[in-house]
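Data block below; observations after.
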Amino acid sequence: GENVEQHPSTLSVQEGDSAVIKCTYSDSASNYFPWYKQELGKRPQLIIDIRSNVGEKKDQRIAVTLNKTAKHFSLHITETQPEDSAVYFCAARLGGYQKVTFGTGTKLQVIP
Amino acid sequence: EAQVTQNPRYLITVTGKKLTVTCSQNMNHEYMSWYRQDPGLGLRQIYYSMNVEVTDKGDVPEGYKVSRKEKRNFPLILESPSPNQTSLYFCASSLYREGSGELFFGEGSRLTVL
């Protein structure tokens, strides 16, 4: 089955700096890669996603890049703010199926 | 308001006492799924359902059962709970879209098995 590895498990950055979280997946048939943000005590919520036929996608201060050949994808947050502090999960979904595999999460702390 | 509703939100029970966590969505989503969240392990899929009467195992199905008799409901059943099922459980739903499909999560159900 699919295996998703996520690094780092914790990340501290100064406010205004950039943060990068990396994930690798094992099954080349995966074709959809979402990122979810989970604030303390709350439910995960989608912040950005990318399909396998796209290399990069941006939404204001966040971006996701995908390298299908290397089977890895990354989340980039620029100009970090304290409200970006949360746990971030990457995920991969096999095409045609709904079995979604999540990474183990990255706890991001933005220091004011 | 579009939402996924789980009940109960908090539950303390004892080993072996059958329990059901309900999940209901009002968005007419075909796909529904259950996850458990444990520290350091992320979100692990227990079961998922592509549509009514169609269910399949995720990565950690042992000790759990599900049913999908109606499109809006997807209950999680623990026939004989054990302490290793103490966890935070999330139900989620989405439209089925090839190559996409945002998951909408419920608020979570924190289960403690003594």
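The values are calculated or read from the model by the stated rules, or taken from the named source; none is laboratory data. Keep in mind that this is a model prediction, so the values were computed, not measured. Here Cβ is always computed from backbone atoms with ideal geometry, including for glycine, and neighbour counts include all displayed protein chains. Protein only, heavy atoms only, side chains kept; ligands, DNA and RNA dropped before computing areas. Shrake-Rupley method; radii C 1.70, N 1.55, O 1.52, S 1.80 Å.
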Out of the total accessible area of the protein assembly as shown (probe 1.4 Å, heavy atoms of protein only), what percent is carbon and sulfur? 49 percent
Checking buried surface per residue: for segment B:36-51, which residues lose a minimum of 10 Å² accessible area in the protein assembly relative to the chain alone (1.4 Å probe)? B:GLN37, B:GLY40, B:LEU41, B:GLY42, B:LEU43, B:GLN45, B:TYR48, B:MET50
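Rounded to the nearest 100 Å², what is the sum over both chains of accessible area buried where A meets B, with a probe of 1.4 Å? The partial results should precede the final answer.
On the way: alone 6570 and 6390 Å², together 10950 Å².
Interface between A and B: roughly 2000 Å².
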Sequence ranges B:27-40, A:7-20, ranked by mean other-Cβ count within 10 angstrom, highest first: B:27-40, A:7-20
Short to long, in 10 Å steps from zero, the percent of alpha-carbon pairs of segment A:53-110 per bin is 19, 47, 30, 5
Quick one: what are the phi-derived ³J(HN,Hα) couplings along segment B:37-51, Karplus 6.51/-1.76/1.60 with θ = phi - 60°, whole Hz, x for glycine and proline? 10, 10, x, x, 10, x, 9, 10, 7, 9, 9, 9, 9, 7, 5
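Just to confirm, what accessible area per residue do you get for segment A:16-112 at 1.4 Å probe, in whole Å²?
Numbers: 4560 Å² over 97 residues.
Value for segment A:16-112: 47 Å² per residue.
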Which value, in Å², gives the accessible area per residue of chain B when a 1.4 Å probe is used on the protein heavy atoms? 48 Å²
Based on the Cβ-Cβ distance from B:ASP38 to A:LYS71, what FRET efficiency comes out when R0 is 30 Å, to the nearest 0.05? 0.75
Distance histogram for segment B:1-51 (every C-alpha pair counted, 5 angstrom bins, percent rounded to whole numbers): 4, 14, 20, 25, 21, 10, 5, 0
